[in-house]
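J.: Handing you a structure now.
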């Protein structure tokens, strides 16, 4: 049996939306397939949130009041099922989720369609894998009962996808209800950013040793920093070069260099710059603080 899921959403909210109007409503609905229709107002916040659940068919009750009035739409969000060959709708009263709507359509339309689960780049953490080593962690602590989790999920997934090729960055989530001990130990906020921000423990220790050393001893420590940097690979290697440059500039320009350079970088960070540039300068600042 053929059917269509028809949802009244603005095209700005979904790429594959068919916008219904007074002119085309009866050409698309009540024909040779069933239609699930949401009557919406673009200014209504709940309609905007619901838009992420669908990408199908739509009309605007502000612009097409006669259509909405004809089918007894008294408020937003109103969702109705129009059977095949009928303009006599049945009101949908269930949860506003893709899974629940699909189940309703399957029941009414006699279909057996499943919502496809897309592969996720978000790492699911638990008590066993939480503490594994990595340079950066961005962790979302979610409760299964929290509606905010569902609203944030698409954005969080985009962030995870953007960083999926970064060896030293993990975008993850953890069930705060299930792992309350971890949540309590870390004094959880809705999102936490665990970042060493370029700091490498081995080079950090050498950097502090470098600053504490006498002028003659610093050259020996500098050689140790060079040796340590040569061992690094991937992102840590790029951080190592910053350590090396900071130590070299310290030798050449004096002990005031790190503090002055940090102040200079902060002036740049206070301006309107790209996020990539801000990340780069923040890394340098953090590493320079070892020598300040």
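Derivation of every value follows stated rules applied to the coordinates shown; laboratory data play no part. Small disclaimer: the values here were computed from a predicted structure and weren't measured. Neighbour counts are summed over all protein chains in view; Cβ atoms, including those assigned to glycine, are modelled from backbone coordinates with ideal geometry.
J.: Take the Cα gyration tensor of segment 201-288, multiply each eigenvalue by 5, square-root it, and list the three semi-axes largest first, rounded to whole angstrom.
T.: Square roots of five times the eigenvalues give 24, 17, 8 Å.
J.: Another one. Based on the mean of other Cβ atoms within 10 Å per residue, sort peptides 244-254, 91-101, 281-291 so the most packed one is first.
T.: 281-291, 244-254, 91-101
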